[in-house]
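Asker: Here's a structure for you.
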Amino acid sequence: MTKGKFPVEKFQSMQTPFYYYDTELLRQTLRTINEEAGKHEGFVVHYAVKANANPKLLRIIREAGLGADCVSGGEIEASIKAGFPANKIVYAGVGKSDWEINLGLDADIFCFNVESVPELEVINALAAEKGKIARVAFRLNPNVGAHTHANITTGLAENKFGIAMRDMEHVIDEAAKMKNVKFVGLHFHIGSQILDMGDFEALCNRVNELQEQLESRNIRVEHINVGGGLGIDYEHPNRVPIPDFKAYFDTYAKKLKLRPGQTLHFELGRAVVAQCGSLITRTLYIKEGAVKKFAIVDAGFTDLIRPALYQAYHKIENITSEEAIETYDVVGPICESTDVFCKQIDLNRTTRGDLLAIRSAGAYGEIMASQYNCRKLPLGYASDEL
Ligand SMILES: *Cc1c(COP(=O)(O)O)cnc(C)c1O
């Protein structure tokens, strides 16, 4: 069984559970993104901060030159603090409150991705109070399904996100009447953990149709933003540590008909940070149940909620044992039946004190941690600081 490389000696003396981020892998991933996106004229990549806002990671991502995609005022603050230039910050979200909009206006962010006419009216009014003109893109709901978990599709007509396509022209007309907003782009985001390039192709086809529809009315936008959603290989973090960015960007280059001078923006979250992170947890007890064996660990769904929330799979490795393989349910200490990381998985024989690495946990892990059961929030360490 091949395992990830971890500084196990150092881990032994550290308080568990904690997140461990392989910053060398993160940097390599960012180099691949820049290399593959850089092959195509006008491609601009933003990092979706909601995947992981750990300041050490944000700084590395900013240094690689990516922009920031935010979905709250708090994320705008975190991005500015990490040094992202305001003109590389985009801000989306169905429920932007006034203080968040004002924050974006004061910072002069690149673009508000607007999801409804009432929101547009509020942005226009708040911008007017400041004597500013807000740059806005409309987030359209393209009604394109992504073949992924139902809880993480966002681009279907039934989802709460975006403006229905049939309302697009109406919304653009409304914006044209407003003095303090400038309509500059179209925004889309169809879901997450997408591995079938056909889903992105379907989005490209929809964008092409919409662009033609707008051009028939002499409307030309500065930029198209296709969101994020590229998935990663949760089964094989060692074999496939870097997602197939080439296939991803090439799909857009081939299928989306960009107009001269137009830029194409991406908002990748999971694909950037998921594989570089692991949740390190210590085995507390091995309990021989009536029909199976439980490895009870000191991390719970308060530290990593994806398995409980989305039935997500994370590979688990015992990084301190080389003994023969046995089968376990790996469970946490929280008083909920859903506090299970994985059922019936093979691990090297595990005993009290062994360290387990729950892999591919860099995205939607640390940032979704909670204090339920009055637990402490997990800390996050970058490999280059240990
Ligand atoms: C969540 C989100 C993203 C990032 O999604 P990933 O699947 O992590 O790439 C991008 N854009 C918007 C608007 C989002 O809500």
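The values are calculated or read from the model by the stated rules, or taken from the named source; none is laboratory data. Given the structure is predicted, the values throughout are model-derived calculations rather than measurements. Here the Cβ is made from the backbone with ideal geometry for all residues, glycine too, and neighbour counts use every protein chain on show. Note: areas computed on protein heavy atoms with side chains; ligands, DNA, RNA excluded. Shrake-Rupley method; radii C 1.70, N 1.55, O 1.52, S 1.80 Å.
Asker: Residues being among the aliphatic types (A, V, I, L, M), part of a loop (DSSP other than H, G, I, E, B) and touching an Asp or Glu at 6+ places or on another chain (Cβ under 9 Å): count how many of those fall in the stretch 375-386.
Answerer: Summing the residues that are among the aliphatic types (A, V, I, L, M), part of a loop (DSSP other than H, G, I, E, B) and touching an Asp or Glu at 6+ places or on another chain (Cβ under 9 Å) in the stretch 375-386 gives 1.
Asker: Checking T29 against (1) within 16 Å of the ligand (Cβ to nearest atom); (2) among the polar types (S, T, N, Q); (3) more than 15 Å from the chain's Cα centre (by Cα), which test does it fail?
Answerer: (3) is the only condition that T29 fails.
For (1) surrounded by fewer than 22 Cβ atoms within 10 Å (Cβ to Cβ); (2) more than 16 Å from V45 (Cβ to Cβ); (3) within 16 Å of the ligand (Cβ to nearest atom), each residue gets a yes or a no:
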{"position": "Y234", "(1), (2), (3)": "yes, yes, yes"}
{"position": "D244", "(1), (2), (3)": "yes, no, yes"}
{"position": "A253", "(1), (2), (3)": "yes, no, no"}
{"position": "K257", "(1), (2), (3)": "yes, yes, no"}
{"position": "Q262", "(1), (2), (3)": "yes, no, no"}
{"position": "L268", "(1), (2), (3)": "no, no, yes"}
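Asker: Restricting attention to the stretch 19-26, does a residue exist that is outside any helix (DSSP H, G or I) and under 14 Å from the mean Cα position of the chain (by Cα)?
Answerer: No, because not a single residue in the stretch 19-26 is outside any helix (DSSP H, G or I) and under 14 Å from the mean Cα position of the chain (by Cα).
Asker: Out of (1) under 24 Å from I61 (Cβ atoms); (2) more than 16 Å from the ligand (Cβ to nearest atom), what's the single condition that is false for A308?
Answerer: Failing condition for A308: (1).
Asker: Considering the stretch 69-85 alone, what residues qualify as being open to solvent by less than 50 Å² (accessible area, probe 1.4 Å) and either within 11 Å of the ligand (Cβ to nearest atom) or among the basic types (K, R) (or both)?
Answerer: Result: D69, C70, S72, E75.
Asker: Would you please name the residue that is modelled with the lowest pLDDT, looking only at residues in the stretch 303-342 that are within 27 Å of the chain's Cα centre (by Cα) and of a type in the set (D, E, K, R)?
Answerer: Step by step, filter the stretch 303-342, then rank; the result is E336.
Asker: Here is a follow-up. Please go through the stretch 189-219 and pick out each residue that is more than 16 Å from the ligand (Cβ to nearest atom), over 26 Å from Y234 (Cα atoms) and among the aliphatic types (A, V, I, L, M).
Answerer: If the condition is that a residue be more than 16 Å from the ligand (Cβ to nearest atom), over 26 Å from Y234 (Cα atoms) and among the aliphatic types (A, V, I, L, M), then L210, L214, I219 are the ones that fit.
Asker: Here's another thing I want to ask about it. Being over 28 Å from E24 (Cα atoms) and either open to solvent by 10 Å² or more (accessible area, probe 1.4 Å) or of a type in the set (S, T, N, Q) (or both) is true for just one of K293, K315. Which residue is that?
Answerer: K293
Asker: Moving on to the next point. For the stretch 352-374, how many residues meet the condition of being within 30 Å of L268 (Cβ to Cβ), more than 16 Å from the ligand (Cβ to nearest atom) and assigned to a loop (DSSP other than H, G, I, E, B)?
Answerer: Summing the residues that are within 30 Å of L268 (Cβ to Cβ), more than 16 Å from the ligand (Cβ to nearest atom) and assigned to a loop (DSSP other than H, G, I, E, B) in the stretch 352-374 gives 4.
Asker: Evaluate the following for G228: is it in contact with an Asp or Glu (Cβ under 6 Å, 6 or more places away or on another chain) and near the ligand (Cβ under 10 Å from one of its atoms)?
Answerer: yes
Asker: Considering only the stretch 125-140, I want to know if a residue exists there that is touching a strand residue (DSSP E or B) at 6+ places or on another chain (Cβ under 7 Å), open to solvent by 10 Å² or more (accessible area, probe 1.4 Å), more than 15 Å from the ligand (Cβ to nearest atom) and at pLDDT 95 or above.
Answerer: Yes, the stretch 125-140 contains at least one residue that is touching a strand residue (DSSP E or B) at 6+ places or on another chain (Cβ under 7 Å), open to solvent by 10 Å² or more (accessible area, probe 1.4 Å), more than 15 Å from the ligand (Cβ to nearest atom) and at pLDDT 95 or above.
Asker: Here is a follow-up. Quick one: which helices (runs of 4 or more DSSP H) lie wholly within the stretch 50-136 and hold at least 2 residues that are under 20 Å from E366 (Cβ atoms)?
Answerer: Qualifying helices (runs of 4 or more DSSP H): 55-63, 73-81.
Asker: How many of the residues making up the stretch 14-56 are crowded, with 20+ Cβ neighbours inside 10 Å and among the charged types (D, E, K, R)?
Answerer: Within the stretch 14-56, residues that are crowded, with 20+ Cβ neighbours inside 10 Å and among the charged types (D, E, K, R) number 2.
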